[in-house]
Amino acid sequence: MSTETKFASNVQDLSNSTGVDAGFQFEFYCERCRDRWRTAFKPYRSAQAGGWLQKGASLFGGILGNAGSVLNSMAEAGWHSARDTAFKEAVEEGKRHFNRCGNCHDYVCAQCFDGANGLCFDCAPNVQVAITRSRAQGEVYSASQRANDEGQSRGQRHDVRKEMQLVCPQCRTETHGAKFCPECGFKMAQQVQCQACPTMLEPGTKFCTECGHRQA
C-alpha cells in the first residue's frame, strides 16, 4: 500500500477486467513536463478465456455460454489480487523511468531532473537555461519600451482634434475615418479647420462659430 500511495498522483490505470482484451496496463507521467510512459500490456488470461467462450456461445450456444459465465465469475473473484500484483510490478518498473525530487517530492522524467543535486529543474533551474531566458525577456522588454516610445512619437503627428464619422450613415459600414464609405461610396462629413482659428467646422459652414471669420 505504501508503494501505491507514492505513485497515486501521477498514474492512470488502463487495465481492463473483462472480455478478450482483459489485462493490465498503467500509464505514468512526469509531474513537470507531463510526458507519459506506459507499461507493456499484460493479459489477464482468466478473463480472456471467459471472453472467448462468451464469443463462442454467441455462435454455438449451449454449454459454451455456461462455461464462459463460470470462468468470468472466477476471473472477477481473482481480479483485485491480480491487479494489485500487476500494479506493484508496474510501480517498480516506473521507478526506473522517473526520479523523485528531494524538495517538492514530485516524480519527474530524466529530462526534468538534476541528478547531481537530486532535484527537479523547477526546484533547481538550469543556470544556462535561466540566463538565456532572462536575456530573451530583457530583449523583449527593451524592444517593447522602444516601440512604445516610437508609438508616442508617431502619435504626436496625428490631428486628434479632427472629428470623423467612423460608421457610414447610409449603409452602417465602418469607415475608419475615410472620406468616402468603402462599401457604398457615400461621402463622409469631414470637418474642416476655420481659416482664421483652430476651430473645426462642419462642411458648408459660411462663418466660423468661434471667431466669426467668413469661410471662402
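The values are calculated or read from the model by the stated rules, or taken from the named source; none is laboratory data. Note that this is a predicted model, so its numbers are computed, not measured. Positions of Cβ are generated from backbone atoms using ideal geometry, with glycine treated the same way; all protein chains shown enter the neighbour counts. Just so you know, the surface numbers come from the protein's heavy atoms only, side chains and all, with ligands and any DNA or RNA stripped out. Shrake-Rupley method; radii C 1.70, N 1.55, O 1.52, S 1.80 Å.
A few notes on this one:
- Across region 107-124, the number of residues qualifying as open to solvent by less than 90 Å² (accessible area, probe 1.4 Å) and in contact with a helix residue (DSSP H, G or I) (Cβ under 9 Å, 6 or more places away or on another chain) comes to 3.
- Note on region 166-185: residues that are in contact with a Ser or Thr (Cβ under 9 Å, 6 or more places away or on another chain) and open to solvent by 50 Å² or more (accessible area, probe 1.4 Å) amount to 5.
- Residues of region 187-215 classified as among the β-branched types (Val, Ile, Thr) and under 22 Å from Glu174 (Cα atoms), total: 1
- Any hit, region 193-208, residues being open to solvent by less than 60 Å² (accessible area, probe 1.4 Å) and either touching a residue at least 24 places away in the same chain (Cβ under 8 Å) or among the acidic types (Asp, Glu) (or both): yes
- The residues on offer are Arg83, Arg157, Arg161, Arg96, and the sole one that is modelled with pLDDT under 90 and in contact with a Pro (Cβ under 8 Å, 6 or more places away or on another chain) is Arg161.
- Selection within region 16-36 - at pLDDT 90 or above and part of a loop (DSSP other than H, G, I, E, B): Gln25, Cys30, Glu31, Arg32, Cys33, Arg34, Asp35
- Residues in region 111-152 that are aromatic (Phe, Trp, Tyr) and more than 26 Å from Arg36 (Cα to Cα): Tyr141 only.
- Test: Cys181 is over 30 Å from Pro203 (Cα atoms) and among the hydrophobic types (A, V, I, L, M, F, W, C): no
- From the options Ala130, Ala82, residue that is assigned to a helix (DSSP H, G or I), surrounded by 11 or more Cβ atoms within 10 Å (Cβ to Cβ) and touching a residue at least 12 places away in the same chain (Cβ under 8 Å): Ala82
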